[in-house]
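Down below is the structure, laid out as structure tokens.
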Amino acid sequence: MSRRLFAPFSYIVLTLLAAACLVPFAWMLLTAIKPDNEVFVRALLPSRLAWENFPRAFTFFPFARFLTNTLIVAVGGTGVHLVTSCLAAYAFARLRFRGREALFLLYLGTLMVPQQVTIVPTYALFTRLGWVGTWLPLLVPHFFGNAYNVFLLRQFFMSIPRDMDEAAMIDGAGPFRTLISVIVPQAWAAIVAVCLFHFFFAWNDFLAPLIYLNEPKKLVEVTTP
């Protein structure tokens, strides 16, 4: 009886919480179809449906060029990031070398450094390299493994039995071959998760293009140093 009484109450509470989470999205959609003079008005519903806002959003700015640039940075950076993250995770999970655990803890410690602390020295470095105003500051940092993603892959690699590595070594496989033929085929779940995490991180990165592409036309044109 208590379960029958509690179930409807829990569903009602969860429905209300879900509706509260959807309020910002509903506000965004309603604002998108408001006329210009009503965007900053507190009224929820528009006086008329301004459907012309949508085609104008695609033509007022070079939206296709912006989308292409973002895809190049996100997809290209994610592809190389997966390779370097898998290599680093395999080294920390399987290879034995002096100071491995201390180095891994130091690597994880970089997660505690906020981005605001590294903006100025990173900008100074890229300025000395002559990369400011190009795509290199947006692409090159993605080419190195992120500590969170490396940690996630390492923990998954460590769950794979070492007997498979030893069997591959008996057949003459080296560390790289073992990673490609033994570890990666069994770690697709973690690899796909890391791929999604980093792709969305690169896609949502708003601050870096704002800092390094200091000319508006550089947001439209594909630039090289």
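For a quick check, take a GNM of the chain with Cα springs below 10 Å and name the residue from 120, 182, 194 with the largest mean-square fluctuation. The residue that fluctuates most here is 120. Using DSSP H assignments, which helices in the chain have an axial alpha-carbon span of 30 Å or above and a mean Kyte-Doolittle hydropathy of -0.5 or higher? Length and hydropathy pass: 2-32, 63-93.
Remind me, relative contact order of the stretch 1-107 in percent, using alpha carbon pairs under 8 angstrom and six or more residues apart? That works out to 13 percent. Using the Cβ-Cβ distance between residue 160 and residue 204 with R0 set to 22 Å, the FRET efficiency from 1/(1 + (r/R0)^6) comes to roughly 0.10.
Just checking the listed ones, 29, 45, 17: in the Gaussian network model of the chain with Cα springs under 10 Å, the one fluctuating most is 17. Model label points for residue 61 and residue 140, set 7 angstrom from Cα along the Cα-to-Cβ axis, are 2.7 nm apart. Restricting attention to the stretch 1-77, which trypsin sites (Lys or Arg not before Pro) occupy a DSSP loop and are surrounded by at most 11 other Cβ atoms within 10 Å? Those satisfying the criteria are 42, 48.
Each label was represented as a point 7 Å from its Cα along the Cα-to-Cβ direction; for residue 41 and residue 29 these points are 2.1 nm apart. In plain terms, the chain from residue 170 to residue 51 could stretch by 36.2 nm, reckoned as 0.36 nm per residue minus the Cα-Cα distance.
Quick check for me: using +1 on Lys/Arg Cβ and -1 on Asp/Glu Cβ, what's the dipole size of the chain about its Cα centre, in debye to the nearest 20?
Details: 17 positive and 11 negative charges, 63 e Å.
Taking the Cα centre of the chain as origin, the dipole is about 300 debye.
Each value in this text was obtained by applying a stated rule to the coordinates, not by laboratory testing. Just so we're clear, the structure is a prediction, and the values are computed from it rather than from any experiment. Please note: Cβ atoms are built from the backbone with ideal geometry, for glycine as well, and neighbour counts cover all protein chains shown.
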